[in-house]
Structure formats: C-alpha cells, structure tokens
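Student: Have a look at this one before I ask anything.
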Amino acid sequence: MEIWLDTAKIEEIQEAISWGVITGVTTNPSLMMRAGTTDLKTNTRRIAELVGGPVSAEVISDDAQGMIAEAKDIVTWSSHVVIKIPITVEGLKAIKVVSEWPARVNATLVFSANQALLAAHAGATYVSPFVGRLDDAGHDGMEVVREIAAIFEMHDITTKIIAASMRHPRHVIEAALAGAHVATVPYKVLQSMIYHPLTDVGIQRFKADWEQALSSKR
Ligand code: G3P
C-alpha cells in the first residue's frame with residue numbers, strides 16, 4: 001500500500017519527501033485554505049514538481065458542466081494531476097466525461113461501497129472512502145474500505161482505493177489490512193507512524209552501553 005500525504009502545505013510535503021516514503025499527494029479546498037493559498041494552480045504545480053507522482057486537485061462546481069470546465073483547466077496544470085470529483089449524480093456525469101479524455105479521476109467524499117461501485121463504473125481511476133468522517137458519525141469507516149476492496153477484487157474492478165480521512169496511525173495499518181491501495185495521511189499522522197517510545201529508549205540504551213564500553217577501555 002502506498003502512502004500519500006493529505007495536505008497542501010509545501011513545507012510538510014518537502015519534509016515528507018525527504019523521508020523517501022510518500023509517492024503522491026491529495027488536496028482539497030479546505031486543505032488549500034489551511035495552507036493559506038487561493039492560487040490553486042501555482043500551489044498544485046509546485047506540489048506536482050516536488051512529489052513527481054499523483055496529485056489530486058478538487059473541482060468545486062455543483063453541476064457536471066461546471067466540473068468538466070474546471071477539470072479541463074486543471075488537467076493542463078501538470079501531467080501528475082488527478083481530478084478530484086465528489087460522488088454525486090452530477091459528479092458521476094463529470095467522471096464519465098473526464099475519464100474518457102484521458103485523465104485520471106479520484107472520486108471523493110465516498111461514504112459507501114455503492115458510491116464506490118458507481119464511481120468505478122463511471123471510469124474513476126481512484127475512489128476515496130472517508131474513514132475518519134464515517135467513524136465520527138458513529139459508523140465503522142474501515143468496514144466500508146473492506147467492502148469496497150472485496151467487491152473490486154471479486155468483480156475484477158481495477159479502480160484503486162485511497163483510504164482518506166485518516167485520523168491516527170492505527171487507521172493506516174487497518175487500511176493496509178483492509179486492502180486499500182493507498183492511504184492518504186495528514187502530516188501529523190505520518191509523524192506518529194514513525195514514532196515509538198521503545199525506539200527512543202533503545203537508542204538511549206545503546207548509546208549508554210557504548211559509552212560504558214569506551215570508558216572501561218580508557
Ligand atoms: O482526503 C480527504 C481528507 O482530507 C478528509 O479528511 O480529516 O477532513 O475528514 P478530514
């Protein structure tokens with residue numbers, strides 16, 4: 001399972017890339033707002049240059065014609081760009097058209113396996129079930145990922161599953177076990193994936209023992 005970063009903040013992306021572990025980035029209007037930018041084109045291009053892999057940029061129109069018009073512009077920003085389209089009836093119409101260009105579509109705001117199935121049939125390259133938001137609403141978000149993975153596997157559907165709305169490191173492990181192809185994680189979740197207190201304790205102990213070995217030789 002690939003790890004992507006769910007952020008529009010350039011400094012977070014640069015730092016995560018230096019770790020050698022992320023292969024894509026997802027953004028949305030809220031993340032752009034948190035990154036303090038309204039220049040979606042410049043920011044998306046910069047992210048695409050840095051990551052050199054898929055970068056999702058989201059349309060904001062409600063109607064298919066508006067989404068398609070936005071997508072027509074967004075695809076020119078970078079060859080790495082993936083058009084993020086919400087899974088509504090209008091979104092499905094837009095996914096069908098945009099996927100035929102060719103262009104890659106990430107069907108977003110997916111909260112059920114039925115929505116994922118419809119997005120896949122309309123031509124989406126990716127579907128993004130929002131695990132954390134389902135959990136917040138009292139559901140089992142990861143169960144939706146498991147259902148989508150089982151259905152896609154059973155019916156030879158090649159659309160990839162991006163586990164999104166990841167809130168903590170355990171979500172990432174569960175997404176991998178559930179069959180997601182990608183987990184897109186906020187920077188703070190990526191940081192918590194690397195941390196373990198016993199690693200820090202182990203390093204301190206090795207250092208102390210080595211110091212003791214050296215001092216006994218003096
Ligand atoms: O990629 C979608 C993700 O950004 C949604 O996360 O935390 O706003 O539910 P969240």
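Student: So which pairs qualify, if the first residue must be in region 49-70 and touching a residue at least 24 places away in the same chain (Cβ under 8 Å) and under 19 Å from V127 (Cα atoms), the second must be more than 16 Å from the ligand (Cβ to nearest atom) and part of a loop (DSSP other than H, G, I, E, B), the Cβ gap must be under 7 Å, and the two must be at least 6 apart or on different chains?
Tutor: Final answer for the pair search is G53/H80; P54/H80; V55/S78; V55/H80; M67/S61.
Student: When region 98-130 is examined, which residues are found to be away from the ligand (no atom under 15 Å from the Cβ) and either at pLDDT below 95 or under 18 Å from M166 (Cα atoms) (or both)?
Tutor: Correct list: P102, S112, A113.
Student: List every residue pair whose Cβ atoms lie under 9 Å apart, where the two residues are 6 or more positions apart in sequence or sit on different chains, the first residue falls within region 16-33 and is closer than 13 Å to S56 by Cβ, and the second residue, located anywhere, is part of a loop (DSSP other than H, G, I, E, B) and among the hydroxyl-bearing types (S, T, Y).
Tutor: So the pair list comes out as V25/T7; T26/T7; T27/T7; L31/T7; M32/T38.
Student: Any residue in region 89-104 that is buried (at least 19 other Cβ atoms within 10 Å of the Cβ) and within 15 Å of the chain's Cα centre (by Cα)?
Tutor: Looking for residues that are buried (at least 19 other Cβ atoms within 10 Å of the Cβ) and within 15 Å of the chain's Cα centre (by Cα), one finds at least one in region 89-104, hence yes.
Student: Looking at A69, A48, A57, A35, which one is more than 16 Å from the ligand (Cβ to nearest atom), crowded, with 17+ Cβ neighbours inside 10 Å and of a type in the set (A, V, I, L, M, F, W, C)?
Tutor: A48
Student: Mind counting the residues in region 148-179 that are part of a helix (DSSP H, G or I) and away from the ligand (no atom under 14 Å from the Cβ)?
Tutor: Number satisfying all stated conditions: 14.
Every residue, every condition in (1) more than 16 Å from the ligand (Cβ to nearest atom); (2) surrounded by 18 or more Cβ atoms within 10 Å (Cβ to Cβ); (3) under 19 Å from the mean Cα position of the chain (by Cα), yes or no:
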residue: D39; (1), (2), (3): yes, no, no
residue: T44; (1), (2), (3): no, yes, yes
residue: S61; (1), (2), (3): yes, no, no
residue: D73; (1), (2), (3): yes, no, no
residue: S79; (1), (2), (3): yes, no, yes
residue: I85; (1), (2), (3): no, yes, yes
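Student: Under the condition of being out of contact with any Lys or Arg (no Cβ under 8 Å at 6 or more places or on another chain) and within 15 Å of the ligand (Cβ to nearest atom), which residue from region 17-26 is nearest to P186 (Cα to Cα)?
Tutor: Here the answer is V25.
The values are calculated or read from the model by the stated rules, or taken from the named source; none is laboratory data. Keep in mind it's a predicted model, so treat the numbers as computed, not measured. Because the Cβ atoms are built from the backbone with ideal geometry, glycine has one as well, and the counts that use them run over all protein chains shown.
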